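Asks: Structure incoming, see below.
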Amino acid sequence: MTKLMRELIERLEALPDAEQDALAREFLSVLESGEVYVLTPEQEEEVRKALEDGEPNASPQEVEAFFARFRG
């Protein structure tokens with residue numbers, strides 16, 4: 001197991017059970033779909049900044065447009 005995966009698990013364990021289950025379902029869904037998107041370091045930084053800027057959550061259309069950029 002990688003260091004990053006260990007960190008993820010530690011952070012997940014700190015969440016309430018309902019949130020753990022919701023995230024586990026999402027993770028399993030990704031694994032089962034076989035559609036894993038690998039972000040570049042620049043894309044990861046863009047995501048981090050977007051999460052930290054305090055702006056409201058994106059609309060479904062904005063989310064789709066964001067992920068469409070990473071599809072081949």
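The values are calculated or read from the model by the stated rules, or taken from the named source; none is laboratory data. Because the structure is predicted, anything quoted here is derived from the model rather than measured. Virtual Cβ from ideal backbone geometry, glycine too; neighbours counted across all protein chains shown. For accessibility, only protein heavy atoms count, side chains too; no ligands or nucleic acids. Shrake-Rupley method; radii C 1.70, N 1.55, O 1.52, S 1.80 Å.
Asks: In degrees between 0 and 90, to the nearest 10, how far off the longest principal axis of the chain does helix 3-13 point, with axes built from Cα atoms?
Replies: Here the helix axis deviates by roughly 70 degrees.
Asks: At 0.36 nm per residue, minus the direct Cα-Cα distance, what do Glu42 and Glu64 gain on full extension? Give it in nm, one decimal, please. Let's see the in-between values first.
Replies: Working: separation 22, 0.36 × 22 = 7.92 nm, distance 1.91 nm.
Answer, rounded to one decimal: 6.0 nm.
Asks: Moving on. Taking just the alpha carbons, could you work out the radius of gyration and Dmax for the chain, both in angstroms?
Replies: When restricted to Cα atoms, the chain yields Rg and Dmax of 14.0, 36 Å.
Asks: Which value at 222 nm does the chain reach when only helices count, each DSSP H run of 4 or more adding -39,500 (n - 2.57), with the total divided by all residues and rounded to the nearest 500 deg cm²/dmol?
Replies: Working: 4 runs with 49 residues, N = 72.
Counting only the DSSP helices, I get -21000 deg cm²/dmol.
Asks: With a point put 7 Å past each Cα toward its Cβ, work out how far Asn57 is from Glu13 in nm, to one decimal.
Replies: In this crude label model, Asn57 to Glu13 measures out at 2.8 nm.
Asks: Can you give the accessible area per residue of the stretch 3-56, in Å², using a 1.4 Å probe? The partial results should precede the final answer.
Replies: Values: 4970 Å² over 54 residues.
I get 92 Å² per residue for this part.
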